[in-house]
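Beneath this line is the structure, given in structure tokens, with notes to follow.
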Amino acid sequence: MKIVRIFAICTLFTMTFVNLSAEEEKEKRNWGFIFNTSSVLLDLESYQAGVGLKLLLNNDMALRFLLNGEYDSGTSFFSASLGTTFEKHFLRRRASPYWGAFASVGINGLTDETDEQNWTKNREVPIGVGAVLGIEFFIIESISIFAEYSLAFEAYINTTRSEVAGEPVDPVRDWGYSIDTGIGNESKLGIIIYLDDVIKIDRK
């Protein structure tokens with residue numbers, strides 16, 4: 001799919017830029033595992049909800065990655081998405097505020113089938129971009145919690161195909177968009193477990 005290829009190229013470009021910056025400053029990398037929800041109400045939703053990976057660079061930059069999938073055999077619903085978030089930290093301390101930007105792409109599908117000759121298939125392709133502002137707090141040297149606000153724009157393309165009594169119906173295509181501020185109780189909250197220590201905490 002062309003959209004996925006474009007997204008992969010953008011992600012590769014971002015990673016190349018970050019790698020070059022890190023090589024210039026001779027900084028080591030550190031991986032972390034992310035476990036989080038999309039709101040402080042612990043309500044699992046879409047972007048950056050569940051499990052992800054974080055690549056931390058000692059030059060105060062980081063990349064987060066998400067690959068998510070869902071399938072419900074009862075309703076014939078499936079969903080798949082991938083996304084990446086870039087972080088730039090103001091300070092690398094126990095409490096570390098940061099800003100950043102993210103991009104995501106996915107596909108959602110739903111099939112309503114009476115029999116082999118009477119069915120409707122709906123396919124939706126959402127594409128999202130936005131900005132984040134948050135703070136990361138280290139409980140110990142290698143484990144942190146974070147909370148962030150987001151401003152997200154998502155556009156989607158929807159295609160509906162159907163067949164009635166074995167006769168195909170012309171496909172219906174439409175598109176739309178949504179804007180989500182992600183403020184208040186909708187801020188993201190999560191925990192990150194790093195493979196190596198990130199900061200040094202004075203325990204006196």
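Coordinate-derived values only; no laboratory data. Note that the structure is a prediction, hence the values are computed from the model and not measured. Virtual Cβ from ideal backbone geometry, glycine too; neighbours counted across all protein chains shown.
Kindly rank 88-94, 173-179 from highest to lowest mean number of other beta carbons found within 10 Å of each residue.
Ranking the peptides 88-94, 173-179 by packing returns 88-94, 173-179.
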Estimate the FRET efficiency between Glu70 and Asp202 by the formula 1/(1 + (r/R0)^6), using the beta-carbon distance for r and 35 Å for R0, to the nearest 0.05.
0.20
Full extension between Asp60 and Ile107 adds, at 0.36 nm per residue less the Cα distance, a length in nm of 13.7 nm
Quickly work out the Asp115-to-Trp31 label distance, labels modelled 7 Å from Cα along the C-beta direction, and quote it in nm with one decimal.
5.2
Förster radius 35 Å - calculated FRET efficiency between Ile145 and Ile179 (Cβ-Cβ, nearest 0.05)
0.80
Simple spin-label estimate for Arg93 and Ala80 in nanometres, 7 Å along Cα-Cβ:
4.5
